[in-house]
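Quick note: the coordinates plus some simple rules give every number you see, no bench work behind them. What you see is a predicted model, and the numbers here were worked out from it, not measured in a lab.
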Amino acid sequence: MQRIARFALAALAVLALAACQRAGSQAGPAPAAAGAIKQLSAGTLVAGKPLAAPRGKVVLTLSGAIGARNRGGALALDLASLHRMRTVQLVATEPFLKRKVTFTGVLVSDLLALAKVPASATQVHMHALDDYQVDFKLTDVAASRMLLATKADGKPIPVGKAGPIRIVFPDDATLGRNSDLWIWSVNQMRLH
C-alpha cells in the first residue's frame, strides 16, 4: 500500500513539474521526490543528430548492434558528450551506502536511442573497468528507467568511488533490488 501511495505522489510531482514547465513558470522546478526522475536539461546531443568523435578521454564505448558510430565500428563518448545529452536527476537509495543519494546523468534508454539500437537487438552487455560484467534485457532497461549517472550529490563521481559513470535505479525498479546490478565504472556496452 505504501508503494502505491509513494508512486502516486511521485507521479503527481512529475505531472506538476511538467505543467509548470509548459506554462513557462519563472518559479523554477520543484525538488525531485524520491524515486521520481526530474529532467534538468533537454540537451543538445540527441538521437538523429550527427555524432562527432569525442575530444576528451573516452569514458564509454558502445558497440555491436548499433546504427550510430563515430569511431570505427563503435560509438565513443566522453563525459562532455554525456553532459550534452538530456540530463535527468534521480534521488535513490544507494545500496552500498545505505542512504539516499541524488544522482545526475542520462537515461540508458536515451543513450541507446542515440546509438540507434535496432528493434532486433534484445540485450546489452555492460563491462566495467574492473572487468565486472552484467547483462540486461533491453525490455528491462526501458521498464526500470535505468540511469547512467555521472554525478552523485552534485559532484562528479571519481573512479575510486565507483565512477566516472555508473548504473543506478529508481527505488521502485525491480532490477534495482539486486545490488549486483548496480554496476559502477561502466566503460563498455555491447548490444546484441
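Over the alpha-carbon set of the stretch 37-103, divide Rg by the Kirkwood Rh and report the Rg/Rh ratio to two decimals.
With Rh from the inverse mean 1/r over Cα pairs, Rg/Rh is 1.07.
Viscosity 0.692 mPa s, temperature 37 °C: Stokes-Einstein D of the stretch 37-192 from its Kirkwood Cα radius, in µm² per second?
Once the numbers are plugged in, D ends up at 214 µm²/s.
Between G163 and residues 5 or more places away or on another chain, which pairs have amide H atoms under 5 Å apart, with H built 1.01 Å from N, and which residues are they?
S185
Among all the aspartates and glutamates, which ones have a C-alpha under 18 Å from K155's C-alpha, if same-chain residues fewer than 8 places away are not counted?
Straight-line reach from K155, under 18 Å: D78, E94.
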